[in-house]
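These notes concern the structure reproduced below.
Throughout, read-outs are computed from the coordinates displayed, never taken from laboratory work. Quantities reported herein were computed from a predicted structural model and do not represent experimental measurements. Methodologically, a virtual Cβ is constructed for each residue, glycine included, from the backbone with ideal geometry; neighbour enumeration extends over all protein chains shown.
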Amino acid sequence: MISRFLSGVRGTILSPRNSSPLSKFRDFYCYTSQAASSLQQACEPFPYSEDEYAYVDWDNLGFGLMPTDYMYVMKCSENDRYKEGKISRYGNIELSPSAGVLNYGQGLFEGLKAYRKESGGLLLFRPDQNAMRMKFGAERMCMPAPSVDQFIDAVKQITVANKRWVPPPGKGSLYIRPLLMGSGPILGLAPAPEYMFLIYASPVRNYFKEGSAPLNLYVDDEYDRASRGGAGGVKTITNYAPVLKAIMSAKGRGFSDVLYLDSMNKKYLEEVSSCNIFLVKDKVISTPATNGTILSGVTRKSIIEIARDLGYQVEERAIPVEELMYADEVFCTGTAVVVAPVGSITYKDKKVEFRTDAEALSRKLYNTLVGIQMGVIEDKFGWTVEIE
Ligand code: COI
């Protein structure tokens with residue numbers, strides 16, 4: 001069995017600390033160019049590792065993909081319901097060249113995190129919110145979605161299966177990436193005949209190369225992120241590739257990311273490529289209202305609730321770009337980004353700077369949110385879900 005396993009799959013053997021005779025075998029990665037169906041054969045039987053941690057340099061995690069042991073897959077035909085999802089080895093998947101997702105972008109994704117507590121338990125943060133957002137997005141993209149219970153159950157299963165990849169407390173989190181796609185073949189423009197719900201995961205820490213240092217944003221009035229009547233308010237894959245050009249251009253000029261304006265008037269703030277935006281003026285916090293072009297971020301929603309609970313007034317409204325001139329503080333929120341302070345924003349060659357010191361409100365909000373997510377601050381909102 002071992003020789004079949006070794007000859008059938010290309011990969012990398014890492015030597016874990018506390019090597020046991022079998023642990024090298026267990027640590028063999030199966031991420032190859034083979035499809036998961038053939039991998040599963042090649043890898044079976046493949047027991048869950050008994051090692052507490054995967055062999056990872058936990059002190060140097062960023063937001064790069066680090067494939068973990070397992071993924072979750074569940075399929076469904078058009079007009080049917082999802083049933084019998086399965087955990088399999090992480091690996092490539094087989095898709096028809098005429099899959100709806102490849103030809104017409106019929107796809108959605110989600111992102112949520114699992115944290116390891118000091119006591120060793122694992123905590124998920126508001127998985128029901130991601131499940132509901134996926135359902136909402138699936139309706140917009142004409143796809144059947146897993147039920148909220150199926151979504152949460154699958155997220156729990158994939159987290160437990162990949163437990164050894166959840167970073168030690170304080171070193172990051174396991175980023176869980178659910179996908180929903182039109183996997184069936186279709187040539188004319190129509191909903192695909194078959195759908196795939198898939199979840200994979202990767203340990204992560206800071207999203208931006210700046211780490212926790214303040215971001216320098218660029219307001220782009222050439223490219224739009226979303227338009228009225230479009231799909232900016234749902235987490236479709238089609239909202240992301242179109243902003244790559246704006247991001248690459250801004251990064252090439254030393255900025256961290258791009259802040260987009262509304263496509264109709266080029267006047268109001270919308271969001272940053274990968275996160276929502278907030279402004280602080282005195283005791284009032286403002287963020288663009290979710291009017292169909294702005295993603296209803298789970299972190300955005302949580303920060304609004306935390307800020308109100310701390311006694312701040314929070315306004316969700318249209319924010320003219322000129323208001324940046326008067327803001328004391330600006331920060332971004334997102335699952336990947338968490339709460340990131342913004343040090344400056346450049347608009348039409350004018351750079352405005354904001355407060356980012358230790359007393360800045362964004363620090364307090366970050367500490368409260370992450371404290372709840374990690375289980376070190378009391379979760380009076382009932383947001384966290386303990387799974388092991
Ligand atoms: C997230 O914050 O989870 C996202 O999906 C943003 C993505 C661009 C990393």
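In deg cm²/dmol, rounded to 500, what helix-only [θ] at 222 nm does the chain give when every DSSP H run of at least 4 residues adds -39500 (n - 2.57) and the total is split over its residues?
On the way: 9 runs with 87 residues, N = 388.
Result for the chain, helices only: -6500 deg cm²/dmol.
From the phi angles alone, apply the Karplus equation (6.51, -1.76, 1.60; θ = phi - 60°) to region 71-78 and give each ³J(HN,Hα) in whole Hz, x where the residue is Gly or Pro.
Karplus values, whole Hz, x for Gly and Pro: 10, 10, 9, 9, 10, 6, 7, 4.
Can you tell which of Phe109, Phe255, Phe125 shows the greatest fluctuation in a Gaussian network model of the chain with Cα springs below 10 Å?
It is Phe255.
Give me Asp80, Asp282 ranked fewest to most by other Cβ atoms within 10 Å of their Cβ, as a rough exposure proxy.
Details: Asp80 11, Asp282 8.
If I rank by nearby Cβ atoms, fewest first, I get Asp282, Asp80.
Among the trypsin sites (Lys or Arg not before Pro) within region 129-223, which fall in a DSSP loop and have no more than 13 other Cβ atoms within 10 Å of their own Cβ?
Sparse-neighbourhood loop trypsin sites (Lys or Arg not before Pro): Lys209.
Convex hull over the Cα atoms of the chain, averaged projected area in nm²?
Numbers: hull surface 79.3 nm².
Value for the chain: 19.8 nm².
What order do you get for Asp309, Asp128, Asp69 when you list them from fewest to most C-beta neighbours inside 10 Å?
Asp309, Asp128, Asp69
For region 249-285, state which trypsin sites (Lys or Arg not before Pro) are in a DSSP loop and have at most 12 other beta carbons lying within 10 Å of their beta carbon. Walk me through the numbers before you get to the answer.
Working: sites: Lys251, Arg253, Lys266, Lys267, Lys281, Lys283; in loops: Arg253, Lys266, Lys267, Lys283.
Hits after loop and neighbour filter: Arg253, Lys283.
Loop-only check: which trypsin sites (Lys or Arg not before Pro) in region 308-358 are DSSP coil with at most 13 other Cβ within 10 angstrom?
Listed in order of number, the matching sites are Lys348.
Ranked by Cβ crowding within 10 angstrom, fewest neighbours first, how are Trp165, Trp58 ordered?
Neighbour counts put them in this order, fewest first: Trp58, Trp165.
Taking the DSSP beta bridges in region 215-373 as the whole, what percent of them are antiparallel, to the nearest 5? Show your work: numbers first, answer last.
Numbers: 21 of 34 bridges.
Bridges in region 215-373 are about 60 percent antiparallel.
Over all distinct alpha-carbon pairs, what is the Kirkwood Rh of region 178-217 in angstrom?
Details: mean 1/r = 0.0725 Å⁻¹.
So the Kirkwood estimate lands at 13.8 Å.
For region 153-252, how big is Rg over Rh, using alpha carbon atoms and the Kirkwood form of Rh?
Details: Rg = 18.0 Å, Rh = 17.2 Å.
Reported Rg/Rh, Kirkwood definition of Rh: 1.04.
If I build a Gaussian network model for the chain, linking alpha-carbon pairs within less than 10 angstrom, which residue out of Gly62, Gly311, Gly184 has the largest mean-square fluctuation?
Among Gly62, Gly311, Gly184, the largest GNM mean-square fluctuation belongs to Gly311.
Subtracting the Cα-Cα distance from 0.36 nm times the residue separation, let me have the gained length for Ser77 to Glu323 in nm, one decimal.
On the way: separation 246, 0.36 × 246 = 88.56 nm, distance 4.86 nm.
Length gained, Ser77 through Glu323: 83.7 nm.
What do the square roots of 5 times the Cα gyration tensor eigenvalues come to for region 215-373, in whole Å, largest first, as semi-axes of the equivalent ellipsoid?
Details: eigenvalues 104, 63, 45 Å².
After diagonalising the Cα gyration tensor, the semi-axes are 23, 18, 15 Å.
Region 309-365 to region 196-243: how many Å between their Cα centroids?
After rounding, the separation between the Cα centres reads 18 Å.
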